[in-house]
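Inspection log for the structure reproduced underneath, given as structure tokens.
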Amino acid sequence: MGIDPNIVGSSGKPTPIPWTEQHSLLYAETIGAGQNPLADLAVTTDTSIGLPQKAFPTMAALLAQRADRPSYGDFDPAMVVHAGQALRWARPLPPCGEAVLQATVAAVHDKGSGAVVVSETTATDLSGKALFVSTSSVFVRGYGGWGGDRGSAAPWELPDRAPDGERRMATRPEQALLYRLNGDRNPLHSDPEFARKAGFKAPILHGLCVYGFAARALIDALDGELGSMSARFVQPVLPGEVLTTKIWRTGRSTAAFRTEAADGAIVLDRGMAETALPA
């Protein structure tokens, strides 16, 4: 059993995927949109007068999970956790549509205590026009140590000052049960026995749900739509926890961020965001 380090460069089959207005509405509400109903109508309703429906941008990461992927090897799925996520949008995601996904294994790193597998998924519409690129990293605990490349992290540091803004958002006790309605049925987020087997005291919140909460904070704090967003998952979040995203502007259209739990533990780190400036 183990991770196959020779899978780098291998790709899955091109995968056509449709989504509807209903998928967009559901996704937005499963990442907490609607807690301030009047501020979130564009992503939580499709019948508001004079307000066209929008898809919340980080739904792209959810859609990317539906891509066909090559096998990473033979390992216990309970040992897999989401390690990092990046998105870059070519244009706003429409609230309904169809795209073609192409997933490729970009890297495999040997971290000693486990392996990191990085995959890149490109999405184009049916005419071939780019929609987004999703780069996802998973950490497979206990399957490292074969002597492979450890990989290196991109430079990142926070400005030496107080954050320029922060947003405090509460998750709900049933947040993971809501988020799994999007189609991510990993029992790590719902089954107490499976969670204990994986080393957690209780089912944890989906990393991409936490990522969506952070995106809501960024969009609320920054001018313009998101053009790119990346972060590393460093601590699990239990449903019902309060999340605080702290944001530092690093340029006219760029910002660094991190998200913390109520006890100050960092749950998302090395966050970077870029806004697409209005034309």
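The values are calculated or read from the model by the stated rules, or taken from the named source; none is laboratory data. All values reported here derive from a predicted model rather than from experimental measurement. Cβ atoms come from the backbone with ideal geometry, glycine included; neighbour counts cover every protein chain shown. What goes into the accessible areas is simple: the full protein's heavy atoms, side chains included, and nothing from ligands, DNA or RNA. Shrake-Rupley method; radii C 1.70, N 1.55, O 1.52, S 1.80 Å.
Using only alpha carbon pairs under 8 Å that are at least six residues apart, calculate the relative contact order of the stretch 1-142 and give it in whole percent.
On the way: 299 pairs, mean separation 42.4, N = 142.
It comes to 30 percent, rounded to a whole number.
Evaluate the relative contact order of the chain (contact order divided by residue number), counting alpha-carbon pairs under 8 angstrom at least 6 apart; express in whole percent.
On the way: 629 pairs, mean separation 50.2, N = 279.
Reported relative contact order: 18 percent.
Leaving out ligands, DNA and RNA, and with a 1.4 Å probe, what % of the accessible surface on the stretch 116-235 is carbon or sulfur? Spell out each step's value before the answer.
Numbers: 2920 of 6030 Å².
Carbon plus sulfur share of accessible area: 48 percent.
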> Whole-Å semi-axes of the chain's equivalent ellipsoid, largest first, each the root of 5 times a Cα gyration tensor eigenvalue?
Replying inline: 28, 22, 20
> Roughly how many Å² of E98 are accessible to a 1.4 Å probe, to the nearest 10?
Replying inline: 80
> Tell me, what HN-Hα J-couplings in whole Hz come from the Karplus equation 6.51 cos²θ - 1.76 cosθ + 1.60 at θ = phi - 60° for each residue of the stretch 229-236, using x for Gly and Pro?
Replying inline: 7, 9, 6, 10, 8, 10, 9, x
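Relative contact order, percent, of the stretch 117-236 when contacts are C-alpha pairs under 8 Å separated by at least 6 residues?
15
Ratio of the stretch 76-181's C-alpha Rg to 2.2 N^0.38 Å, to two decimals? All intermediate terms of the calculation are to be shown ahead of the outcome.
Numbers: Rg = 17.9 Å, N = 106, 2.2 N^0.38 = 12.9 Å.
Here the Cα radius of gyration is 1.38 times the empirical estimate.
With all pairs of different alpha carbon atoms counted, what Kirkwood hydrodynamic radius in Å does the stretch 11-103 show? Before the final figure, lay out each step's value.
Values: mean 1/r = 0.0663 Å⁻¹.
One over the average 1/r among Cα pairs gives 15.1 Å for the stretch 11-103.
Per residue, how big is the convex hull around the C-alpha atoms of the stretch 138-279? Give it to me in cubic angstrom, could you? Walk me through the intermediate numbers first.
Numbers: hull volume 20.7 nm³, N = 142.
So the per-residue hull volume is 146 Å³.
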>> Strictly greater than 14 Å: what percent of every Cα pair in the stretch 196-261 meets that?
In response: 60
>> Between D220 and K129, how high is the FRET efficiency from 1/(1 + (r/R0)^6) when r is the Cβ-Cβ distance and R₀ = 22 Å? Nearest 0.05.
In response: 0.15
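Taking only protein heavy atoms into account and a 1.4 Å probe, give the accessible area per residue of the chain in Å². Each step should come with its number before you reach the end.
On the way: 13330 Å² over 279 residues.
Counting only protein heavy atoms, the per-residue value for the chain is 48 Å².
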> When all protein chains stay in place, what accessible area (Å², nearest 10, 1.4 Å probe) is found for R196?
Replying inline: 130
> In whole angstrom, how far apart do the alpha carbon centroids of the stretch 27-88 and the stretch 234-251 sit?
Replying inline: 17
> Say a paramagnetic label sat at a point 7 Å from the Cα of D149, along Cα to Cβ; which residues of the stretch 228-260 have their backbone N under 14 Å from it?
Replying inline: none
